[in-house]
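The next block holds one structure in the form of structure tokens; read it before the comments.
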Amino acid sequence: MASKMTARREEIMARFGGMGFHNSEAGQYRKMSDRQFNEVVGKIFHELSPGFSRIGGGAPNWTKQEMDDFAEYCEKMHRLTGTTIYLTGRCPRYHTEEEFNTYAKDVADRLEYVIKEKGISNVQIYCMSNELSLDDWGDLNFEMETFKRYHTHLYNEFRKRYLPVRLLATDASPRERWETIEWAIANGMVPISGVFGGHHYVNDFEPEDLDFYKVFKRQCSDVVVMLRPYERRFILGEFGLAQAFKQGKRDINGVKMDVCDAFYNGKEAYSALQISEMALAAMNAGVYAMAMWTFTDIPNPDGLAPRLNKWGLTRWDGDDYSPRDWLYAYGLFVKYFKYNSKPLTIETEDYLLRSGGVVNDDGSFSIAIVNRHPGKTEIQLSLENLKPGKKLRKYVYDSNNVPRSKFGDLQDYEELLDVKDDTVSLEMPGNAIVMLTTDYTEERPAAVTGVRAEAGTVSWDASADPSHVYYRVYKGETPDFAPSKENQIASTIAEKCVDPDGKPGYYKVCSVNRSGNCSL
């Protein structure tokens, strides 16, 4: 018997700010090789086109070189995708009014330089301290008056300059510290705070726990409801699963091991279900936007350094930049749950199905379903006031058969589903995720021209197609070979790549557009 679900236009929030990542790699930009940036970091970011991003930056001692590097990175990434940037600073302790005034001016000077002189207008949100840290992590949880003082000086300076940046309070972590938001409301911080936010990591629920979704949804909803009378939104600035030091794996040769436990205990593929549930729970509770920790690993430290950060969708371990399994699950959410969409209300009586969706202004919509049943599940999805006008593309993430790509390309859709009498019938594997969407076109991008090879480097003319996102490169033994996943040698945002084989052959290059359609 099929499980029944209903999706309808019933307001959860007026607009959704999108899903994305904390982009720790922004501060490591200069350490990246051209291959890593063009074929991995930049390529995947462009394909996903996140609606929201959180980045460390904006400290009062942010140097010109650091700002220029940041701006160059964001020019190649966030400006092209229109991604909203939330900056989080770091700050020394100040005592006098003069010090606080100077601090606020220093921060405002730097934000003005990045936004107005360098043109990174994506920077729209700022918080003075990551997770309420000052002298040490989380100090300001117990000194909220001090946090308010920093925050107030920033607000006054930003307002004086008409700086288009909203201040965020309180950025507290974990969920138990979200009570600081209640303090901020009660102590007059709403008028000087454009948005509120917090972080949470799931250390108390294993990936197999089937109660986590409802618990986290309720926790998020409590804050959203608390802020609603003040017309303020709540952002999940960082979210992730269990940290490895929870299991006692704190240090490696004196370097703090700050990694996702699921990546090192054999549960990487399965845990994608839980991280996706976390995103759905937050969106369904009315959380405005969210950033998963993190997009890309931080490279191994040179000698002894404070942290070994391995949380990314892509690795950074020597020359290993390969994608992790979460890319093919949460990556679908990032791509299809877009900035400025409107969340749908989706209901089911099946406790082991968790779902969420959005509708865009052009009427296209996307619906994700996380199936916690261990076996195949039949679903009948009723659509109320949603007129697809086309068949639904069905993308699948099966934790028992992850659709991995050597080049980090998102998986192709598996089939097209008809809508009959406003109902879609589908079958999905157990412990899997399905994304259904009408947010696509059938049009192919313009063909790539000028393909040539010299001394092991393949190059081509840049695509002028406005729908173009990235290129795929193929190699065959004859001029008329058929491009396939088996003979693909690269995906890249550059107009060239190095053939890893180096032997003579024939090359074909396709342009891939926003709908995932290839020009070949």
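Structure notes:
- Within the assembled protein chains, the solvent-accessible surface assigned to CYS518 is about 20 Å², based on a 1.4 Å probe.
- Equivalent ellipsoid of region 1-87: semi-axes from √(5λ) of the C-alpha gyration tensor, largest first, are 33, 17, 10 Å.
- For region 13-76, averaging the sequence separation of C-alpha pairs within contact (under 8 Å, six or more residues apart) and dividing by the residue count gives a relative contact order of 53 percent.
- With all protein chains kept in place, the per residue accessible area of region 76-147 amounts to 44 square angstrom at a probe of 1.4 angstrom.
- A Förster radius of 56 Å, combined with the Cβ-Cβ distance separating THR146 from ASN517, puts the computed FRET efficiency at roughly 0.55.
- Contact order, relative form, for the chain: 17 percent (alpha carbon pairs under 8 Å, 6 or more residues apart, mean separation divided by residue count).
- If only the Cβ of Lys and Arg carry +1 and only the Cβ of Asp and Glu carry -1, the dipole of region 261-402 around its Cα centre is close to 420 debye.
- Charged-residue dipole, Cβ positions (Lys, Arg, Asp, Glu), the chain about Cα centre, Debye nearest 20: 660
- Taking every DSSP beta bridge that has both ends in the chain, the antiparallel portion is near 55%.
- Put a dot 7 Å past the Cα of GLU112, heading toward its Cβ, do the same for ASP209, and the two dots end up 4.8 nm apart.
- For the chain, cysteines whose Cβ has no other cysteine Cβ within reach (under 4.7 Å): CYS74, CYS91, CYS127, CYS220, CYS260, CYS497
- For the chain, the carbon plus sulfur part of the accessible surface works out to 46%, probe radius 1.4 Å.
- Accessible solvent surface per residue of region 169-304, calculated while the other protein chains remain in place, 1.4 angstrom probe, Å²: 37
- Computed helical MRE - 222 nm, the chain, DSSP H runs ≥ 4 contributing -39500 (n - 2.57), nearest 500: -6500 deg cm²/dmol
- Using only side-chain charges placed at the Cβ, +1 for Lys and Arg and -1 for Asp and Glu, the dipole size of region 170-238 relative to its Cα centre rounds to 420 debye.
- FRET efficiency for the pair GLU66 and ASN400, taken as 1/(1 + (r/R0)^6) with r the Cβ-Cβ distance and R0 = 35 Å, rounds to 0.20.
- Using a cutoff of 8 angstrom between alpha carbon atoms and counting only pairs six or more residues apart, the relative contact order for region 422-490 works out to 18 percent.
- Of GLU117, GLU477, the residue with the largest accessible area leads and the full order is GLU477, GLU117 (1.4 Å probe).
- Estimated at 0.36 nm per residue, the fully extended path between ASP34 and ALA453 surpasses their Cα-Cα distance by 149.0 nm.
- Computed with every protein chain present, the accessible area of ARG514 is close to 150 Å² [probe 1.4 Å].
- Dipole of the chain [Lys/Arg +1, Asp/Glu -1 at C-beta], most positive-end residue of LEU140, TYR413, MET13: MET13
- Spacing of the modelled spin labels on ASN340 and LYS390, each 7 Å from Cα toward Cβ, amounts to 1.9 nm.
- Cross-linked pairs LYS335/LYS376; LYS43/LYS64; LYS64/LYS335; LYS214/LYS310; LYS118/LYS496; LYS64/LYS118: Cα-Cα separations exceed 21 Å for LYS335/LYS376; LYS43/LYS64; LYS64/LYS335; LYS214/LYS310; LYS118/LYS496.
- Taking every protein chain into account, the accessible area of region 359-419 amounts to 47 square angstrom per residue (probe 1.4 Å).
The values are calculated or read from the model by the stated rules, or taken from the named source; none is laboratory data. All of these numbers come straight from a predicted model, not from anything done at the bench. Positions of Cβ are generated from backbone atoms using ideal geometry, with glycine treated the same way; all protein chains shown enter the neighbour counts. Each accessible area value is taken on the protein alone, full model and side chains, heavy atoms only, with ligands, DNA and RNA left out. Shrake-Rupley method; radii C 1.70, N 1.55, O 1.52, S 1.80 Å.
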